[in-house]
Amino acid sequence: MQAGFTQTVAYRIKSEIAKVVINQDYLTDMALIAMLSGGHVLIEGVPGLAKTLWVKTLSKTLSVGHKRVQFTSDLMPSDILGTRVFNVKTAEFELRKGPLFTNLFLADEINRTPPKTQSALLEVMEERSITIDGNTIQLNDPFMVFATQNPIEYEGTYPLPEALTDRFLMKLLLTYPGVAAEKEVLRMYNSGSINYHAQSVCTAEDLMNCRTEINQVRVDDSIFNYIISIIETTRRINAVAIGASPRGSIALLLCAKTWAAINGRDFVIPDDVCELAYPILRHRIMLQPESEIEGIKPDEVIQNILSQIKVPR
């Protein structure tokens with residue numbers, strides 16, 4: 001495996017996705033970081049931003065399976081996990097697998113389903129396994145959960161429990177594509193080229209080789225101190241009620257190494273940590289009630305924290 005292998009694979013994936021989904025490079029970059037770091041992604045954005053199309057396209061570029069489930073108020077854990085049913089012909093119970101038995105799982109509007117079903121994802125996301133009737137089944141590799149939630153509709157929704165929210169490696173905020181990008185989408189629809197089907201540009205073996213290269217990325221002791229300083233500050237700043245857990249520290253480290261490899265480096269720099277602090281920490285800090293009343297956003301708090309800490313040289 002040659003140096004810069006991860007950078008080459010990431011470039012191929014991003015180039016192929018860009019042929020189908022316009023102006024979602026940031027989503028692709030962050031999702032690739034999460035996937036190669038072994039994490040899951042929570043996406044917040046209004047409907048119609050091509051989230052489903054993007055997941056479908058990513059699965060095709062990787063030659064892996066994908067499933068989408070619309071989360072609703074009547075969705076039960078067995079609807080996504082699966083269940084054992086009695087086969088009259090064989091007089092035995094057999095497993096009927098749920099949609100979670102795939103590689104890329106899209107939980108659309110995850111906050112519209114009750115906590116009981118939301119909690120069914122805890123073991124899946126942490127252990128990458130499903131337990132049904134006492135039998136534990138390992139899921140495929142790669143396995144990744146993409147969950148979406150609408151930031152403007154709260155009627156009939158259920159807030160995600162902290163334990164589940166913390167399972168997501170990143171929380172991404174998607175915005176409208178912009179005038180130029182939207183015009184390009186219209187042109188593609190008008191010409192019929194929007195129906196382009198992405199080609200496979202990566203294999204499971206490629207992903208394993210990427211992870212091997214990422215594991216070899218060097219991290220200086222000053223970077224460790226920098227990450228710890230950021231996480232520790234989230235726990236004592238006045239605007240925050242509950243700061244990031246050690247899982248946040250680990251996430252920041254792993255993602256910084258992955259981002260370095262995607263950019264063709266075998267070492268982490270402070271900019272890697274700074275850039276990834278927002279998607280990794282914005283859902284891991286709980287603001288004080290008075291801060292929320294004043295309209296303070298988690299990203300503003302993170303920006304303030306980063307400005308306070310000395311960047312290592």
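Values in this text are rule-based calculations from the coordinates and carry no lab data. Being a predicted model, the structure only gives us computed values, none of them experimental. Because the Cβ atoms are built from the backbone with ideal geometry, glycine has one as well, and the counts that use them run over all protein chains shown.
Exposed loop positions in the chain were taken to be chymotrypsin sites (Phe, Trp or Tyr not before Pro) whose DSSP state is not H, G, I, E or B and which have at most 12 other beta-carbon atoms within 10 angstrom. Between these positions, the longest stretch is 1-153.
Rounded to the nearest 0.05, what FRET efficiency is calculated for residue 263 and residue 94 with R0 set to 41 Å and r the Cβ-Cβ distance?
Working: r = 48 Å, r/R0 = 1.17.
The pair residue 263/residue 94 has a calculated efficiency of 0.30.
Estimated at 0.36 nm per residue, the fully extended path between residue 310 and residue 179 surpasses their Cα-Cα distance by 43.4 nm.
Ranking of 32, 174 by neighbouring Cβ atoms within 10 Å, starting from the fewest: 174, 32.
Name the shape class, rounded, prolate or oblate, that the alpha-carbon gyration tensor gives for the chain, where a ≥ b ≥ c are the square roots of its eigenvalues, rounded holds for a/c under 1.5, and otherwise prolate holds if a/b is larger than b/c and oblate otherwise. Before the final figure, lay out each step's value.
On the way: a/c = 1.38, a/b = 1.20, b/c = 1.14.
In terms of gyration-tensor shape, rounded.
The length gained by stretching the chain between residue 74 and residue 292 to full extension, at 0.36 nm per residue less their Cα-Cα distance, is 75.4 nm.
Taking neighbour Cβ counts within 10 Å as the exposure measure, how do 171, 56 sort from fewest upward?
Numbers: 171 21, 56 18.
Sorted ascending by nearby Cβ count, the order is 56, 171.
With the simple spin-label model, which puts each label point 7 Å out from Cα in the Cβ direction, the residue 187 to residue 152 separation comes to 2.7 nm. The phi-based Karplus calculation (6.51 cos²θ - 1.76 cosθ + 1.60; θ = phi - 60°) puts the 3J(HN,Hα) values of segment 276-287 at 8, 4, 5, x, 7, 9, 4, 9, 9, 10, 10, 6 Hz, whole numbers, x for Gly and Pro. Arranged from fewest to most other beta-carbon atoms within 10 Å of their beta carbon, 310, 60 become 310, 60.
Quick check on segment 37-131: take the gyration tensor over C-alpha atoms, sort the square-rooted eigenvalues as a ≥ b ≥ c, and tell me if it's rounded (a/c under 1.5), prolate or oblate.
Values: a/c = 1.95, a/b = 1.54, b/c = 1.27.
Cα axes put segment 37-131 in the prolate bin.
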